[in-house]
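Notes follow the structure.
The values are calculated or read from the model by the stated rules, or taken from the named source; none is laboratory data. Note that the structure is a prediction, hence the values are computed from the model and not measured. Every residue, glycine among them, receives a Cβ derived from its backbone with ideal geometry; neighbour counts consider all protein chains shown.
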């Protein structure tokens, strides 16, 4: 079904129009922002400074400065190995950087564990879904709700202390399952869901925390075409509710379709920023994906040199093959 026709429950619809208006205003404020790496934003919700992470001799992340505008959908793209997921892990507390600082709504997040980051209103999903396979779908949803009284030892022994809250949590979970078209799977084990349904469940579970910033790591990876449009609609609906979305994606059609701003990483660095169309035409981005000399004209002399070099390599390899192996051949 088309993304635009994704239905929202009435309780969401009542606040969606206000969210859309805020989103339009946030997008409009980006109109005058220069299309340069690390450019300041009018209303940043997430700011990173000099964040680096190295593994042995390889520097996976080296982000000098990055700001994420509140209330819009920002795509984080780049070729394989650019450091996108590692950067996600650093921002959300699943890994620790070697240097740098970053903040959410002005609050520093250095050394803040992942579960506290989520409680602050900044949640994420994973490229490889993290559903609790041996729990039912509704149980997975309940787990996503923060601040549950029944999670503490002493209150858990007195049902009257947490029964009312659990009923409210279950009601909210059921509304979200209906919104993500998973209500018929309510009592199924999460491990029985398809890859696309797991993506939907993970996104729905993230909303149990009522976050302000939702970070999606390759939400379309492994999703069949029948569910892609549904997922696209759900991502757009997050913005329409007034939330901020930052997502990693390789599907350029999706990036063009739903993103308001695009950040490009290559070799751990932010190399370009801007609206989708401008970024797709940026020579720095083209070079990052295709190679800096992808458009070099190959002259006859260059072609002869390439053939000569290849012939020399073949002769060298043949000379290294033992006589016994040649005889076997």
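Tabulated values for the structure
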{"quantity": "Any hit, the stretch 105-114, residues being surrounded by fewer than 24 Cβ atoms within 10 Å (Cβ to Cβ) and either under 14 Å from the mean Cα position of the chain (by Cα) or assigned to a strand (DSSP E or B) (or both)", "calculated": "yes"}
{"quantity": "Where residue 277 falls short, out of the listed (1) farther than 28 Å from residue 136 by Cβ; (2) in contact (Cβ under 8 Å) with a residue 40 or more places away in the chain", "calculated": "(2)"}
{"quantity": "Filter result (modelled with pLDDT of 85 or more, touching a helix residue (DSSP H, G or I) at 6+ places or on another chain (Cβ under 6 Å) and not in a helix (DSSP H, G or I)) within the stretch 220-245", "calculated": "241, 242, 245"}
{"quantity": "Residue that is more than 20 Å from the chain's Cα centre (by Cα), in a loop (DSSP other than H, G, I, E, B), at pLDDT 80 or above and within 20 Å of residue 169 (Cβ to Cβ), where the choices are 145, 133", "calculated": "145"}
{"quantity": "So residue 278, is it in a strand (DSSP E or B) and on the phi < 0 side of the Ramachandran plot", "calculated": "no"}
{"quantity": "Test set (1) modelled with pLDDT under 90; (2) touching a strand residue (DSSP E or B) at 6+ places or on another chain (Cβ under 8 Å) - residue 291 fails condition number", "calculated": "(2)"}
